[in-house]
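I'd like to ask you about the structure that follows.
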Amino acid sequence: MENWGSLSHLFVTVFLSNVAMLMVNPAITDVTMAAVCPGKDECSLAIYLTGFQQAIAGLGSVVMMPLIGNLSDAYGRKTLLTVPLVLSIIPLVILAWKRTTAFFYAYYVLRTLTAMVTQGGVVCVALGYLADTVSEGKRVSAFGVLSGVVSAAYVCGTLAARLLSTAQIFQVAAGVSIIAAVYMIVFLKDTTRHTDALEQPILNQGTESNQDCCESSKKVDFIKGIPSPKDIVCLLKSSITFSLAAFIAFFNSLAEAGLEACLQYFLKARFHFMKDQFADVLLIAYIGATISNVLFMPLLGPVIGEEVLLSLGLFAGFLNMFFDSIAWSAWVPYASAALGVFLFLATPNLRSIISKQVGDDEQGIAQGCILGITSFANVISPLIFSPLSALFLSDSAPFHFPGFSILCVGLAWLIGFLLSTTMKFIPHNSREKVSNKDSTEA
């Protein structure tokens, strides 16, 4: 892979930051339940708190991701990467100190606020860094390796959570998060770009109408660095493929956020899962994800195309949720987790498709806008799935189907799959065709 020296430091930074963030996932459900509903296996308040946190963090990310992407185009990837890495340390240190009810709520508030930046900030800037460093023809492999690194972080973080006590989990996570920030500052070199994104119209190679509507993007200062809704609409209209990818990203994120909001509470209520069982299920899924992203994407992506791998990943997500929703025994979630070998193909292929729809000086804002859309899905998802999960896990459910909310999560992936199947009918040069058509009409 080209520029391996620079990319290796980026991969190490992403790996360490994700290990720290993901290590706490299997334990946070038990910590939340112990803080708000001690001694219970079912707790609607815990579900609502988790959903509210996702919604608020997602709402902030809708604004912050395009801003971070746009500013990284202008002021450098390394500078903007420092912000989410440093902010992610603060909540972990709180629970590393104590996990009483008061400390939990302090963590909860700070985690909600910092997640607006940390939830997708590292990935947003890392994608821009890759696009700066790797040629277009090799981006599918590079994005696959990046996703493989994230999946490997899931495996290592989950394995650590399986072996460590709850107190040790947060202490180690805080330490690793500090190491990630220090490593990035010392070793990672910034990319070199010759354009100032804050003095460029968004999609300056797009259609004449897009150039007109984006003319207001020129000569903006730092305070106005956030793209306006008009700018984002121009970006989404730049090509049919980009617009379709945005819709798919929305439904994919809607499902992912729904999965995060209710799956662990469902498994705890249905099969009395604890931290170690959650870790085992996640470990199976993330080992499969690591294999698929490191091997399948670089080998199969150039051969069968990102569109096919995207559809495969989305359909695997639907099957995973379908089997979990009707799980009749405790071994079923373990078996369905093996679909992670295909499920995690969706996101990196989607990012690769998006990166090919914009110019080199627009990578940050393009990935940031898509992450803003997925963050908007993160706002909506818990508003839908948290009440639904709480209702069907309670005694007042309209009918007996504890996994109904899980099935609905799967339906979001199914919609994304159906949309993805139309991608192969769109010409690869659709952007140029739109441009030529508008020029002819003008």
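The values are calculated or read from the model by the stated rules, or taken from the named source; none is laboratory data. No experiment lies behind these values; they were computed from the predicted model shown. Because the Cβ atoms are built from the backbone with ideal geometry, glycine has one as well, and the counts that use them run over all protein chains shown. Remember, those area values only see protein heavy atoms, side chains included, never the ligands or the DNA or RNA. Shrake-Rupley method; radii C 1.70, N 1.55, O 1.52, S 1.80 Å.
Any idea which residue in segment 394-416 is surrounded by the fewest Cβ atoms within 10 Å (Cβ to Cβ), counting only those that are part of a loop (DSSP other than H, G, I, E, B) and hydrophobic (A, V, I, L, M, F, W, C)?
So the residue we want is PHE399.
Inside segment 51-88, can you point out the residues that are within 16 Å of THR114 (Cβ to Cβ) and open to solvent by less than 30 Å² (accessible area, probe 1.4 Å)?
The answer is GLN54, ALA55, ALA57, GLY58, GLY60, SER61, MET65, ILE68, LEU80, LEU81, PRO84, LEU85.
I'm told GLY51 meets every condition in (1) at pLDDT 80 or above; (2) under 19 Å from the mean Cα position of the chain (by Cα) except one. Can you identify the failing condition by its number?
(1)
Separate question: Of the numbered conditions (1) in contact with an Asp or Glu (Cβ under 6 Å, 6 or more places away or on another chain); (2) among the hydrophobic types (A, V, I, L, M, F, W, C); (3) under 30 Å from CYS234 (Cα atoms), PHE344 satisfies every one except a single condition; which is it?
The number of the failed condition is (1).
Okay, moving on. Find the helices (runs of 4 or more DSSP H) located wholly in segment 305-392 whose residues include 1 or more that are open to solvent by 10 Å² or more (accessible area, probe 1.4 Å), at pLDDT 80 or above and touching a Gly at 6+ places or on another chain (Cβ under 9 Å), and list them.
In segment 305-392, the matching helices (runs of 4 or more DSSP H) lie at 306-325, 340-343, 346-355, 363-392.
Here's something else I'd like to know. Return the pair list, or none, for Cβ contacts closer than 6 Å from residues in segment 51-64 that are farther than 19 Å from ALA366 by Cβ to residues that are polar (S, T, N, Q) and surrounded by fewer than 24 Cβ atoms within 10 Å (Cβ to Cβ), at least 6 apart or on different chains.
From residues that are farther than 19 Å from ALA366 by Cβ, the pairs are GLN53/THR112; ILE56/THR112; ALA57/THR112.
Let me ask something else about it. Within segment 236-244, is there a residue that is open to solvent by 50 Å² or more (accessible area, probe 1.4 Å), modelled with pLDDT of 75 or more and basic (Lys, Arg)?
No: segment 236-244 contains no residue that is open to solvent by 50 Å² or more (accessible area, probe 1.4 Å), modelled with pLDDT of 75 or more and basic (Lys, Arg).
Is there any pair linking a residue in segment 9-20 that is within 19 Å of THR191 (Cα to Cα) to one that is open to solvent by less than 10 Å² (accessible area, probe 1.4 Å) and among the charged types (D, E, K, R), with Cβ under 9 Å and at least six apart or on different chains, and which?
Close Cβ pairs satisfying both conditions: LEU10/ARG77.
Could you list, ordered by first residue, the pairs with Cβ atoms under 9 Å in which the first is in segment 111-139 and under 13 Å from LEU7 (Cβ atoms) and of a type in the set (S, T, N, Q) and the second is modelled with pLDDT under 80 and open to solvent by 20 Å² or more (accessible area, probe 1.4 Å), at least 6 apart or interchain?
As it stands, the answer is THR133/GLU2; THR133/ASN3; THR133/SER6; THR133/THR191; SER135/GLU2, since those pairs meet every condition given.
Now for a separate question. Wholly within segment 128-225, which helices (runs of 4 or more DSSP H) include no fewer than the required count, namely at least 3 residues that are modelled with pLDDT of 80 or more and surrounded by fewer than 17 Cβ atoms within 10 Å (Cβ to Cβ)?
Here the list reads 166-187.
Moving on to the next point. Just give me the residues in segment 260-304 being within 20 Å of the chain's Cα centre (by Cα), open to solvent by 40 Å² or more (accessible area, probe 1.4 Å) and more than 17 Å from ALA152 (Cβ to Cβ), in sequence order.
The one that is within 20 Å of the chain's Cα centre (by Cα), open to solvent by 40 Å² or more (accessible area, probe 1.4 Å) and more than 17 Å from ALA152 (Cβ to Cβ): GLU260.
Let me ask something additional. Scan segment 89-121 for residues that are over 19 Å from ILE169 (Cβ atoms) and open to solvent by less than 20 Å² (accessible area, probe 1.4 Å) and report the count.
Summing the residues that are over 19 Å from ILE169 (Cβ atoms) and open to solvent by less than 20 Å² (accessible area, probe 1.4 Å) in segment 89-121 gives 4.
Here's another thing I want to ask about it. Test LEU419 against the criterion of being touching a Pro at 6+ places or on another chain (Cβ under 8 Å), open to solvent by 20 Å² or more (accessible area, probe 1.4 Å) and either at pLDDT 85 or above or among the aliphatic types (A, V, I, L, M) (or both), and give yes or no.
No: the conditions fail for LEU419.
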